[in-house]
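Data block below; observations after.
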Amino acid sequence: MRIAKFFIIALTIPLLSCEVKKKSSTAQIEHVVVIGIDGMSPDGIQNARTPMLDSMIQKGASTMHGRAVLPSSSSPNWASMIMGADTEQHGITSNGWEKFDHQLPPVVVTPNGTFPTIFTLFKDQKPEAHIGAIYDWDGFGRLFEKSDVDFDIDGDHEEGTTLDAINYIKEHTPDFTFIHLDHVDHAGHSMGHGSPEYYKSVQKADSLISQIVEATKAAGMLKKTMFIVTADHGGLGFGHGGESLAEMNIPFILFGAGIKEGYDIEETVYQIDNAPTVAYAMGLEIPQAWIGRPVMGAFLGNEKPRLTYRRQEQITPPKILPDAGYFEPAGGVFKADSVPVVIQNPNNKGIIRFTLGGSLPTLENSQQYTDTFYLKKTTVLKAGIFQDGAIKSTVTEGSFRIVPKTKEDPVRYQLFHGEKLEKLPDFSTLKPVQEGFVIELSHKQLINNTTKEDQIALALESFIEIDEEGKYTFFTNSDDGSKLYVKGKLLVDNDGNHGVRERNGSINLNKGRHLIRVEYYNGGGGYHLAAKYQGPNIVKQIIPSNHLYPTK
């Protein structure tokens, strides 16, 4: 009997010590404030004047290598931030999602039929807690159940939203406050990520964050409050939605009560870790359906985690010139006999190796770049930075489509103006405002900074020459919606409002010419359209103009 009691006590002591340790690491935290800045990239923080954020980083825990979820659009990422799960679990896969109008159902649901959010956990486990959600973008309000919060307001721009949050904090000293500010994303879409105006919007966000922190001080809760400052996604050019690091990297900053000072978060941090970190700080049980994990190493009293695998040092990939713009490989389409190619190494180490024809460069199949060279025919170029006989960077792609100077533009287009476009219009009901021929299945000759960009639609048609019978896959990469037809058959449905996104479809084709049609629209904000294909002995690439012929 005594032996049995000894074993029970021995087994209990570690469990109790773990519980005490967990409580001690978060004991100082009585309030949590999450401030999410839509579209604020690490680049924005590093290049804008941000004294408040700089202080939070110095006195708190942070990483500039947080990772958003795909697609790098707002709804999927705000949902993942508050739901502790990815798009595959909660089903919010695009900005077109609505509670009763979506394709992928959530894997688990609350009695209200939605995936559980951090707000749900507070309601179920700490019903006495006061919870507030204040947001600048009204779309955020559809991502959670209003009955799960005590205070819910769709603010009036960034100043009004901040003022609402300040007044709420001072009046209620809430246990948990979620604040969303939208103006940085607007600056990215209207003026471009990395522009002076974009950095100015980040500077303004810093000032608003400072006001929110001061509000907790005025409410007498600052010393017991943990702050999280983060973003839903970054951006590239005038948009986002793709897979580049510029779009996928997000800041993650922990500051205040219970947080280590000057702690560099080396462990991986994902969008889905935000809600579990809040739950851990406030002593809430994390549901099994969540897949995110709390960033525990950032909390006082917790050991720094042992990392078997570490984040790889980022070697900047080579830059191929001429640059074709955002969301598109370098190069372009040229009516010329030959085109000069320049490849730059942005690093002070490593060498550039490249291939022609589309294969990934290896030490065996690539050649070292030494100086400018000339291309005389259409090809795909791929290049990487090599060190010690191995590639150390991601691969940069160039697509050079070279056609004779005398070749007539092969793509017939019609351009339309619309109103409140949220999907492709019925083109048969519209009258084109402009029509003619362009060189490729693209927006580039038709939509730019000097023309109307919003509420615009295109219909593009041409014959594509197929040299070898077989299976061909076609792609559209667009922001907003697009569709692609071959021989009158819909192959690619990429419709709806979304950031830069790729969809594909396949078909068996005989040798010869086949009608191809691309439909596209831009409802607002960033815009992009590229049509690609892949087939027998053809690597995936933008459909080259030298394989297109006019429909006369």
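The values are calculated or read from the model by the stated rules, or taken from the named source; none is laboratory data. Predicted, not measured: the structure shown is a model, and the values here were computed from it. For neighbour counting, all protein chains shown are included, and Cβ atoms are generated from backbone atoms with ideal geometry for every residue, glycine included.
Details
- Candidate set from region 238-249 (those that are assigned to a loop (DSSP other than H, G, I, E, B) and either surrounded by fewer than 24 Cβ atoms within 10 Å (Cβ to Cβ) or in contact with a Leu (Cβ under 7 Å, 6 or more places away or on another chain) (or both)); member that is modelled with the lowest pLDDT: 238
- Leading residue by the ranking (nearest to residue 525 (Cα to Cα)) among those in region 377-425 that are in a loop (DSSP other than H, G, I, E, B) and touching a Pro at 6+ places or on another chain (Cβ under 9 Å): 418
Here's the yes/no breakdown for (1) modelled with pLDDT under 95; (2) assigned to a helix (DSSP H, G or I); (3) buried (at least 16 other Cβ atoms within 10 Å of the Cβ):
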| position | (1), (2), (3) |
| --- | --- |
| 179 | no, no, yes |
| 197 | no, yes, no |
| 209 | no, yes, yes |
| 220 | no, no, no |
| 223 | no, yes, no |
| 228 | no, no, yes |
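- The set of residues from region 430-479 being under 22 Å from residue 399 (Cβ atoms), outside any strand (DSSP E or B) and hydrophobic (A, V, I, L, M, F, W, C) comprises 439, 441, 446, 447.
- Listed conditions (1) at pLDDT 95 or above; (2) in a loop (DSSP other than H, G, I, E, B) are all met by residue 119, apart from (2).
- Some residue of region 55-67 being surrounded by 21 or more Cβ atoms within 10 Å (Cβ to Cβ) and either at pLDDT below 95 or in contact with a Lys or Arg (Cβ under 6 Å, 6 or more places away or on another chain) (or both): yes
- The residue list 205, 215 contains one member that is over 19 Å from the mean Cα position of the chain (by Cα), in a helix (DSSP H, G or I), over 30 Å from residue 501 (Cβ atoms) and touching a residue at least 12 places away in the same chain (Cβ under 8 Å), which is 215.
Rundown of residues vs (1) in contact with a Lys or Arg (Cβ under 8 Å, 6 or more places away or on another chain); (2) among the aromatic types (Phe, Trp, Tyr), yes/no style:
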site: 484; (1), (2): yes, no
site: 492; (1), (2): yes, no
site: 505; (1), (2): no, no
site: 516; (1), (2): no, no
site: 521; (1), (2): yes, yes
site: 526; (1), (2): no, no
site: 530; (1), (2): no, no
site: 533; (1), (2): yes, yes
site: 536; (1), (2): yes, no
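- Note on region 123-138: among residues that are free of Cβ contacts under 8 Å to residues at least 60 places away in the same chain and assigned to a helix (DSSP H, G or I), the one that is surrounded by the most Cβ atoms within 10 Å (Cβ to Cβ) is 123.
- Screening region 480-506 for residues that are acidic (Asp, Glu) and out of contact with any Leu (no Cβ under 8 Å at 6 or more places or on another chain) and picking the one that is surrounded by the fewest Cβ atoms within 10 Å (Cβ to Cβ) gives 493.
- Residue in region 383-395 that is touching a Leu at 6+ places or on another chain (Cβ under 8 Å), buried (at least 16 other Cβ atoms within 10 Å of the Cβ) and closer than 30 Å to residue 94 by Cβ present: no
- Test for residue 277: is it within 21 Å of residue 51 (Cα to Cα) and either touching a residue at least 24 places away in the same chain (Cβ under 8 Å) or surrounded by fewer than 23 Cβ atoms within 10 Å (Cβ to Cβ) (or both): no
- Some residue of region 314-323 being under 30 Å from residue 61 (Cα atoms), in contact (Cβ under 8 Å) with a residue 24 or more places away in the chain, in contact with a helix residue (DSSP H, G or I) (Cβ under 6 Å, 6 or more places away or on another chain) and part of a strand (DSSP E or B): no
Yes/no per residue for (1) closer than 22 Å to residue 115 by Cα; (2) of a type in the set (S, T, N, Q); (3) in a loop (DSSP other than H, G, I, E, B):
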{"site": "253", "(1), (2), (3)": "no, no, no"}
{"site": "261", "(1), (2), (3)": "no, no, yes"}
{"site": "275", "(1), (2), (3)": "yes, no, no"}
{"site": "286", "(1), (2), (3)": "yes, no, yes"}
{"site": "292", "(1), (2), (3)": "yes, no, yes"}
{"site": "302", "(1), (2), (3)": "no, yes, yes"}
{"site": "305", "(1), (2), (3)": "no, no, yes"}
{"site": "309", "(1), (2), (3)": "no, no, yes"}
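- Filter pass, residue 544 being assigned by TED's automatic domain parsing to the domain that holds residue 464 and under 18 Å from residue 410 (Cβ atoms): yes
- Any hit, region 41-58, residues being within 17 Å of the chain's Cα centre (by Cα) and among the polar types (S, T, N, Q): yes
- Count - residues of region 59-82 that are under 17 Å from the mean Cα position of the chain (by Cα) and assigned to a helix (DSSP H, G or I): 9
- The condition of being β-branched (Val, Ile, Thr), out of contact with any helix residue (DSSP H, G or I) (no Cβ under 9 Å at 6 or more places or on another chain) and touching a residue at least 40 places away in the same chain (Cβ under 8 Å) holds for only one of 500, 518, that being 518.
- Region 522-546: number of residues that are among the hydroxyl-bearing types (Ser, Thr, Tyr) and within 21 Å of the chain's Cα centre (by Cα): 1
- Under the condition of being surrounded by fewer than 19 Cβ atoms within 10 Å (Cβ to Cβ) and within 21 Å of residue 323 (Cβ to Cβ), the residues counted in region 357-375 number 7.
One line per residue, one yes/no per condition, for (1) in contact (Cβ under 8 Å) with a residue 40 or more places away in the chain; (2) more than 26 Å from residue 327 (Cα to Cα):
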site: 414; (1), (2): yes, no
site: 436; (1), (2): no, no
site: 456; (1), (2): yes, no
site: 459; (1), (2): yes, no
site: 467; (1), (2): yes, yes
site: 474; (1), (2): yes, no
site: 478; (1), (2): yes, no
site: 484; (1), (2): yes, no
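- Of all residues in region 139-162, those being of a type in the set (Asp, Glu), over 19 Å from residue 173 (Cα atoms) and either surrounded by fewer than 14 Cβ atoms within 10 Å (Cβ to Cβ) or touching a Lys or Arg at 6+ places or on another chain (Cβ under 8 Å) (or both) number 2.
- Candidate set from region 490-526 (those that are at pLDDT 90 or above and basic (Lys, Arg)); member that is farthest from residue 76 (Cα to Cα): 511
- Qualifying residues in region 507-539 (those that are touching a Phe, Trp or Tyr at 6+ places or on another chain (Cβ under 7 Å) and of a type in the set (Lys, Arg)) - the one surrounded by the fewest Cβ atoms within 10 Å (Cβ to Cβ): 513
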